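The values are calculated or read from the model by the stated rules, or taken from the named source; none is laboratory data. Bear in mind that the values here come from a model prediction, so they are computed numbers and not experimental data. Note that we place each Cβ from the backbone using ideal geometry, even for glycine, and neighbour counts take in every protein chain shown. Side chains included, ligands, DNA and RNA excluded: accessible areas come from the protein's heavy atoms. Shrake-Rupley method; radii C 1.70, N 1.55, O 1.52, S 1.80 Å.
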Amino acid sequence: MKGPLVKDPTHLAAPPFLPNGLKRFVSLRTKFVVFFSLIIILTCSGMSWYFIHSKRVAMTERVQDLGSILVKNLAHNARYGIILEDRVILEQFIDGVLGVDEVVYAQITGADGQILAAKSKGKLKTPLGTVRAVDQPFYPTSAIAASLIKHPAPEPTVTRLRLTGESTIPSEEEDATLRVSTPGMREETFYDFALPVLKRAEPRLEALALQEEETHKTRTAQSAPPAFGVVQIGLTEVPMQRELAEVLRTFLVLTLGIITAGILFTNLLARRIITPLRNLAAGARKVGEGDLSTFVVPTTQDEVGQLTALFNVMTKSLQERNQAISANLETIRRHVTQLTTLNQSSAAITSTLDLDRLLSTVLQLLSENLGFARMVLFLWDSERGIATVGQMLGMPPEAEEAARRLVIPVHEDGGFAAEILLHGKPVLVPNIETVAARISPAVLPWLRQVGLSSFVAAPLRSQQRILGYLGADRGAQPCTQEDLDLLVTIASHVAVAVDNARAYTELATLTEHLERRVQERTHELQTVNERLQDHDRRRSKFVSVASHELRTPMTSIKGFVENMLDGLTGQLSERQEHYLQRVKHNVDRLTRIINQLLDWSRLDVGRIDIKPESLSIDAFVRDVVESCQTLAAEKSITLDVLPCEQSLTVYADRDKLEQILWNLIGNAIKFTPHSGHVSVRCSAHDPGFAQIIVSDTGCGIAPDELPLVFNEFSKVESAMPASQGAQLGLFITKSLVTLHGGQMRVESRLGSGTQFSFTLPLAGTPSAQL
C-alpha cells in the first residue's frame, strides 16, 4: 500500500501556484482557527464585561446602601445634639462615622445654614491609594444643605460629586459641587448622602424642646423651620475602584489564559481535521490531472477517514471505468462509422429516385465506410420466379459481365436463394465450400470465379414484400454476425429506396396516362359546355322573344273581350257573357305566366336592377291591398290590413315591392276558397329590418312540399290544381326579396292556411346601405 501523498501538509497553506490558473486562497485551517478564536475571544470578553459590570453595579448599590444607613444612623444619633447645638457630641458622632473606610467627610449643618460640626479625611495622595492628606480637607457646598432645609425630604438625598485637580466641578447628575480647601487635588468621585433632621413631637423631650425654642426664638420670630438641620456624609468610590481593578486584573489574566488555551486547542483540532482534507485535495488534484492510480492513506476513523476511503474506492472505480471505456472506444468508433454510413445512405436514398443511380451510390458508400470488399444486389421477380443482378461493386469487368447474364431460378429446394427470397431470412455463410449444396448451380461457378469464400446476404423487405437481396463479403477476411446485423439494417433502407423508385416509375407512367386521359376528357367537356351555353342562350332568347310575341296578341284578345263584355258589339246572352268571362280569365292567367317567364329570364341572365327609395311601409301596403280588393271580392274573400305597431320606413324599389306584394296577395287569394280570409300586417323585426306577413285560410301546403315552394318550376301538389300556374311566382318573389337584402320564410299547415313573411331593410340603417 502506498504512503500518504503529502509529507509536510503545512507547505500547502499558501501554494505558490494552483492548476488551471486559479488565484491564491485562504486555507481552511486559517479560516477554522480564526473563526473559533473569534468566538472564544468574544465569548470570554462578553462574560468578563458582564461580570465586571454586575460587580460594579453591586458595589455601587452597596456603597449607596452603606451611605443611606450611615446617614440615617448619624441623623438619628445626632438629633438632640443638633437641637442643643452641642458641638462636642456632634464631633464624637462624626468621628465614629469616619471610622468607616469609605467615608471621607461628615458635616452637620444647623437650621440657619451654619455648620455645627464637620470633619474630612482629606484628598488622596496617590490615585487609588489609601493614604489621604488630612491637611487638605474638602466638603460639599452649602447649596445641598440649604435646599434640604428649605425642602426637607424623609429619605436621604444622594448626589454624585467629582473632585478635580484645580477646581470644583459640577456633578453629572446634580447641580452640586465640592468645596476644596487647597488647590492641586487629584480627581476623585464621591457620593454625598444628605438627610434633614425633621421636627417631631415627643413628650419626654418637652424640656429640651422648651430650651431649644428659647435658643432659637431670636432666629424664628414668626414660625419655626421645617428641620433642625442637615446631616451629610461623603463616601468615596476609591475602595470600590481598587476592588474592581483587582477583579479586572484577575479576569484579564483568566480570560487571556482561556483564549490562549482555546486557540491552541482549536489549532490542534483544525490540524487534526484539515491535514486529511489536504491529503484528499492533493489526491483529487492528481486525479484531475489524469493520474487514476492515486491512493490516499486514511489517518482517522471519523467522517474524514470514511471520506478518504470512499475517495480511494472512487479512484479505483474510475480506473476500472477508464479501462472499460478504452476497451470499448474502438467499438464506439466503429458504430459511429456505421451510423454515419447509414445517415449518408439515407441522404442518398432521399436525393434521387433513379434506381440505377441510387443503387450505385448506396453500394459505393457501404464499400467505402464499412469495409466490404465486394457487394452485389439481386432483384426478385416474383411473377416469373427468378432473380437477376441489379447492381454490383468491386467486381472485375469479366466477372461483372458474367454476373449480368445470371438468371437464378428460385423455388422451394432448401437453398439459400429460397431462404432469402421466399422466407425473408438473412444468411451468413462462413465458408461456401461447406454449404455448396445449398447454393444455386447457376451462381456457384461465378462465386468461385471471383474468389469469394465467405459472404453475408440480407433480404430487401418493404411493406411485407421481398424485392430482392443484398450480398457482401470482406475479401480474405471471413464475415461475422456483426456484418450480417449491419447489412440487415442497411438492407431495410435500401429496400425502401428500391420500392420508392419503383413506385415513382409506376406513378410517373400512370400520371402520364392520366394526364392524357384528363386532356381528352377536358376537351370533350369543353365541347359539351360550349354546346350547353349555346343552347342556354338560345333558350333564353326564345323565351324572351316568345314572351314578347305572345304579349301582343294577348293584349289584343283581352281588349276585344273587354269591349264585348262592355256591350260595344251589342247585347250578349248569358251564355256568351259566361264564355267571354272564361276567355278573359284565361287571358289574364296567360299574361301572368308570360310576365313571370320574362322576369325569370331576366333573373337568369342577371338583368334585373333595383332602384331603392324610402317608402312608408304601412301606407304602401294599404295601397297595394286596396288594388287587390276587386280580385278578392270576386271570391267573396275578406282582405284586410292590420295596423302597424309603429311607423316604419323601408328602403326598397317601389315597383319591385309592389310586384312582391301582388304575387303573395294574389297567391293567397288564388289558393283560398270562397268566403275565406287573407290578412296583411307589418312589424319591426331584427335590428334594422321590417317584416311583412301575408297569411290566408287557404288549402295549405304539405310539410314535405314546403322546402320546394321557392324552387323554379317546382311540382308542388295542391288541393286546388286549377289555380296553379307556371310555378315561377314564388321563385321570382324570393329572388326580388334577396336582391333587397332581405329574407323570406313560409309556414303552413295542410287544410288550415299558409303564412308567407319577408323582411326589408329600414331606411337610414346600415342594412339599407348593403
Inset, instruction - Just the number, please: carbon plus sulfur as a percent of the accessible area of the range 383-450, 1.4 Å probe, no ligands or DNA/RNA counted. - result: 53 percent
Inset, instruction - Grab the beta carbon distance between residue 271 and residue 293, set R0 = 41 Å, and tell me the FRET efficiency rounded to 0.05. - result: 0.90
Legend entry - Greater than 31 Å apart at Cα, pairs in 123/199; 584/611; 125/150; 55/150; 55/199; 55/121: 123/199; 584/611; 125/150; 55/150; 55/199
Inset, instruction - Could you please state, rounded to a whole Å, how far the C-alpha centre of the range 424-470 is from the C-alpha centre of the range 404-420? - result: 9 Å
Inset, instruction - For a label point 7 Å from the Cα of residue 631 along Cα→C-beta, name the residues of the range 673-692 whose backbone N is under 17 Å from it. - result: 673-681
Legend entry - Pairwise label distance in nanometres, residue 507 with residue 704, each label 7 Å out on the Cα-Cβ vector: 4.9 nm
Legend entry - Fully extended contour minus Cα-Cα distance, from residue 658 to residue 518, at 0.36 nm per residue: 45.3 nm
Legend entry - R0 of 25 Å, Cβ-Cβ distance residue 134-residue 76: FRET efficiency to nearest 0.05: 0.35
Legend entry - FRET efficiency, residue 253 to residue 301 (Cβ-Cβ, R0 51 Å, nearest 0.05): 0.85
Legend entry - Dipole of the range 610-706, positive end: most advanced residue of 643, 700, 662 [Cβ charges, Cα centre]: 662
Legend entry - Largest to smallest accessible area among 474, 79 [probe 1.4 Å]: 474, 79
Legend entry - Peptide ranges 499-507, 756-764 listed from the most packed, as the mean C-beta count within 10 angstrom indicates: 756-764, 499-507
Legend entry - Potential extension, residue 586-residue 198 segment - 0.36 nm per residue separation minus Cα distance: 124.5 nm
Inset, instruction - Assign unit charges at the C-beta atoms only (+1 for Lys and Arg, -1 for Asp and Glu), then state the dipole size of the range 386-459 relative to its Cα centre in Debye, rounded to the nearest 20. - result: 60 debye
Inset, instruction - Output the peptides 392-403, 141-152, 693-704 sorted from most to least packed, where packing is the average of other Cβ atoms within 10 Å over each peptide's residues. - result: 693-704, 141-152, 392-403
Legend entry - Chain lengthening between residue 418 and residue 31 when straightened (0.36 nm per residue, less Cα-Cα): 131.1 nm
Legend entry - Label point 7 Å beyond Cα of residue 448 along Cβ direction - residues of the range 392-432 with amide nitrogen under 20 Å: 396, 398-409, 415-417, 429-432
Inset, instruction - In debye, nearest 20, what is the charge dipole magnitude of the range 55-162 about its Cα centre with +1 on Lys and Arg Cβ and -1 on Asp and Glu Cβ, if you could check? - result: 500 debye
Legend entry - Centre separation in Å (Cα based) which lies between the range 517-536 and the range 244-289: 108 Å
Inset, instruction - Identify the residues of the range 224-255 with backbone N under 20 Å of a label point that sits 7 angstrom from the Cα of residue 153 along the Cα-to-Cβ direction, or state none. - result: 226-237
Inset, instruction - Express the accessible area of the range 355-481 per residue in Å², computed with a 1.4 Å probe while the remaining protein chains stay in the model. - result: 48 Å²
